[in-house]
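Each remark here refers to the structure printed beneath this line.
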C-alpha cells in the first residue's frame with residue numbers, strides 16, 4: 001500500500017478499514033483512495049478509518065444489508081452518482097444479485113420520486129456494463 | 001374499510017396493496033390513509049395501489065431489506081421525519097431488530113452526515129418509546 | 001409601514017415589492033416581514049425588493065402560475081413547511097382553487113416521492129383549516 | 001409498441017398513460033421508456049401507468065400548469081437535469097412559451113438559490129437549441 | 001465523564017475530541033452526547049472522535065472559519081434545525097459576533113433560497129434569546 | 001461592458017455589484033454573466049445586482065469568510081458543481097489558501113457525508129489544475 005496514504009500502518013482502525021474496503025469494493029474503492037493522494041491524503045486516511053474501520057466493520061449488520069442501505073440512500077439523494085456506482089459494485093461484490101439491486105433502486109421512486117429512481121437505474125446499467133466488459137476480457 | 005377510500009374494492013392492485021400495508025405497517029399505516037380521507041382521498045388510493053400494491057408486493061426483494069432501504073433513504077433525506085418513524089415501526093414489524101435499525105441509521109452518518117444520522121436516531125428513540133408504552137398497556 | 005423596515009420609501013423596487021407582497025400574501029406576508037424587524041431588518045428589505053419587487057412584478061408570467069410553481073417547488077424540497085403554507089395561502093389568494101392546490105401537491109409524489117407529497121398535503125390541510133376558521137369569525 | 005414493455009395492453013391505466021405520455025413528451029418520453037426495456041421493463045410500465053395514467057390524466061389541473069409545476073420542482077431540486085430537460089420540452093409541447101419557461105426557472109432563484117436557477121437556465125438553453133436544430137432539418 | 005460513553009478514555013482521539021467539543025460547544029454539545037447514551041452510545045463516541053477529534057482539531061483552519069462553514073452549510077441544507085442551533089451557539093462561543101452569524105445566514109439566500117435563509121434567521125433568533133435568558137439569570 | 005447586459009449603467013446597485021463580481025471572480029464570473037446574455041439577460045442583471053450589489057458588498061463580513069461560507073454550502077448541497085468551482089476560484093482570489101479550501105471541503109464530510117466532500121475535493125482539484133495551467137502560460 002502507498003506509504004503516503006498509510007503513514008501509520010500499525011493503526012488498528014486503518015488496517016481493519018483497509019481490509020474491509022478491499023473486501024467490499026475491491027479495486028474500485030482503492031482507486032478512489034489513490035485519487036485523493038495528491039490533493040488530500042489525510043482525507044483518504046479518514047475515509048478508510050471511519051466509514052470502513054469503524055462503521056462497516058461493525059458486526060451488528062451484515063454487509064449485504066449495509067450495501068442495500070447505501071444504494072437506497074445515494075439513489076434517493078440523487079447528487080452522488082460516482083459514489084452510487086461504487087456502491088452498486090459493492091452490493092454485487094458482497095452477494096446482492098443484479099435483480100435485488102434493481103429492486104432497491106426502483107423502490108426509491110416511492111421515497112424520492114421517479115427521476116431519482118431513473119437516474120439510479122441508469123447508473124446501475126453502467127455498472128452492469130462495466131462488469132460484463134471486465135468479465136469478457138478475463 | 002372506509003368506502004370513500006376504496007371506491008373500487010375489486011381492484012386487484014388496491015386489495016393487494018391494502019393487505020401489504022397492513023402486513024408491514026399495521027395500524028400506523030392505516031391511520032395515514034385515513035388522515036387523507038377528507039383532503040385527498042384519491043391520493044390515499046394511489047398510496048395503497050402504487051407503493052404497496054405494485055412495489056412492496058414484488059417478491060424479488062424481501063420485506064426486511066425493503067424496510068432497511070427506506071429507513072436509510074429517509075434518514076439520509078432528513079426532511080420526512082413522520083414517514084421515517086412509520087418505517088422504523090415497519091422495519092421492526094417485519095423482523096428487523098432494534099439494533100439493526102440503529103445500525104442502518106448510524107451508517108447514514110457516512111453518506112448524509114452526522115446531523116441526518118442524529119435526527120434519525122432521535123426518531124428511532126421516539127419509536128422505541130412508543131412501542132414500549134404500547135406493550136406496557138397490553 | 002414600519003419605518004425601520006422601509007428606510008428608503010421612495011425606492012421604486014421596494015414600493016413595487018410591498019404592493020405585490022400585499023396583493024399575493026395579504027397580511028401573512030407582512031407578518032413574516034415584521035418578524036424580521038428586530039433580527040435582520042435589511043433582510044426584510046431584500047425580501048420585499050428582490051422576490052416581490054423584481055421577480056413577482058414581472059408581467060411575463062401570471063401570478064397563478066407563479067404560485068403553482070412555488071407550491072410545487074417547496075413541496076418537492078420538503079424542508080420549508082412554514083413558507084409552503086404561506087404560498088398555499090398565496091395560491092388561493094390569487095385565484096387557485098383548493099382542488100388545484102391539492103393537484104399540484106399530489107403531482108409532486110412523482111418528482112420528489114410520496115413523503116414530500118404527504119407532508120405537502122398536511123400543510124395544505126392546515127392552511128384550509130386556518131382559512132375556514134378565519135371565515136367563521138367574519 | 002414494444003410488447004416487452006406492454007405485456008398487458010388492454011390495461012386501461014397503461015393505455016391512458018401511454019397516450020398521455022405521447023401527448024406531452026412526444027418521442028422524448030418514449031425514448032426514456034425504451035431505455036429501460038433491457039434493465040427494468042417493469043419500471044417502464046410503472047412510469048407509464050402511475051405518473052401518466054393516474055396523475056397526468058387527472059382533469060382537475062391543466063397540462064400547462066402541470067408542466068410549470070414540474071419544471072419548477074426539478075429546477076429547485078437541482079439533481080435531475082436529464083428529466084428537467086424532458087419536462088422543458090414537455091412544457092413547450094403543451095403550450096408554454098419559451099419566455100414562460102424562462103420565467104419559471106428564474107423564479108426558482110428565490111426558492112432554491114441562484115445556482116439552481118442558473119443550472120435550470122443552462123438546461124433550457126440546451127433544450128431550445130435542440131428544438132431549433134430539429135426545426136432546421138424539417 | 002459518563003463511563004458508558006467513554007469506554008476507552010486513554011484513546012487519544014477521544015480525549016482530543018472531548019476537549020475540542022467542550023471548547024466549541026460547551027455544555028450544549030455535551031448534552032447531545034448524553035442524549036445518545038441510552039440509544040447509541042457507540043455513535044456518541046464516533047461523534048466525539050471523528051468530527052471533533054479528527055476534523056475540528058486540525059490546525060490548518062481556525063475555529064471561527066470552521067463554524068462559519070457549518071452555519072452556512074446547515075442553513076443551506078435546511079433540514080437540520082437542531083444542529084444548526086448548536087452551531088450558531090458554537091460560532092458565538094468561538095468569537096463570531098451575532099452580526100457575523102446573521103450575515104452568513106442571510107448570504108445563504110443567494111445559494112439555497114430565501115426560505116432556507118429565513119428559517120436560519122429564525123433559528124438564530126431562538127439562539128440569541130436562549131443566550132440572553134441565560135445571561136439574565138447569571 | 002456589453003450594453004445588453006447593462007441597460008441602466010447608472011444603477012448604483014448594478015455598478016457596485018459589477019465591481020464586486022470582478023473583485024471576487026475576475027473573468028470567471030464575467031463569463032457566467034455573458035453566458036446568460038442570449039437566454040435571460042434580465043437574470044444576469046439580477047445576479048449582479050442582488051448577490052453582488054446587495055449581499056457581497058455588505059461590510060459586516062469579510063470576503064474570505066463569505067467565500068468559505070459558499071464553498072461549504074455548495075459542497076454540502078452537492079448539486080451545483082459548476083458554481084462550486086467558480087467559488088473555489090473566488091475563495092483563492094480573495095486570499096484563502098488551497099489548504100484552507102481543502103479543509104472547508106473535508107469538514108463537510110461531517111455535515112453532508114463523505115460523497116459530498118469527495119465530490120467537492122474533486123472539484124477543487126480541477127480548479128487547482130486550471131489555475132496551474134493558467135500560470136504556466138503566463
State which residue is nearest to the other protein chains (Cβ to nearest Cβ) when the search covers only the stretch F:79-115 and only residues that are surrounded by fewer than 24 Cβ atoms within 10 Å (Cβ to Cβ) and part of a loop (DSSP other than H, G, I, E, B). F:79
Looking at residue D:15 and the list (1) closer than 17 Å to residue D:90 by Cβ; (2) in a helix (DSSP H, G or I), which single condition is not satisfied? (1)
Does residue B:84 meet the test of being within 16 Å of the chain's Cα centre (by Cα) and over 24 Å from residue C:78 (Cβ atoms)? no
I'm trying to understand the selection: among the residues of the stretch F:116-137, which are free of Cβ contacts under 8 Å to residues at least 24 places away in the same chain and at the interface with chain A (Cβ under 8 Å from one of its Cβ atoms)? F:118, F:121, F:122, F:125
Specify the residue that is surrounded by the fewest Cβ atoms within 10 Å (Cβ to Cβ); the eligible residues are those in the stretch B:35-50 that are in a loop (DSSP other than H, G, I, E, B) and at the interface with another protein chain (Cβ under 7 Å from one of its Cβ atoms). B:39
If I filter the stretch D:82-96 for residues that are touching a residue at least 40 places away in the same chain (Cβ under 8 Å) and in the same structural domain as residue D:15 (by TED's automatic domain parsing), do I get at least one hit? no
Restricting the stretch A:51-77 to residues that are farther than 25 Å from residue A:119 by Cβ and at the interface with chain B (Cβ under 7 Å from one of its Cβ atoms), which is nearest to the chain's Cα centre (by Cα)? A:55
Of (1) in a helix (DSSP H, G or I); (2) outside the structural domain of residue C:131 (by TED's automatic domain parsing), residue C:75 fails just (2)
Please go through the stretch A:18-28 and pick out each residue that is farther than 12 Å from residue A:94 by Cβ and in contact (Cβ under 8 Å) with a residue 60 or more places away in the chain. A:28
Exactly one of B:10, B:27 is part of a helix (DSSP H, G or I) and at pLDDT below 95, and that one is B:27
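The values are calculated or read from the model by the stated rules, or taken from the named source; none is laboratory data. On a predicted model such as this, the values are computed, not experimentally measured, just so you know. Quick reminder, even Gly has a Cβ in these numbers, built from the backbone with ideal geometry, and neighbours come from all protein chains shown.
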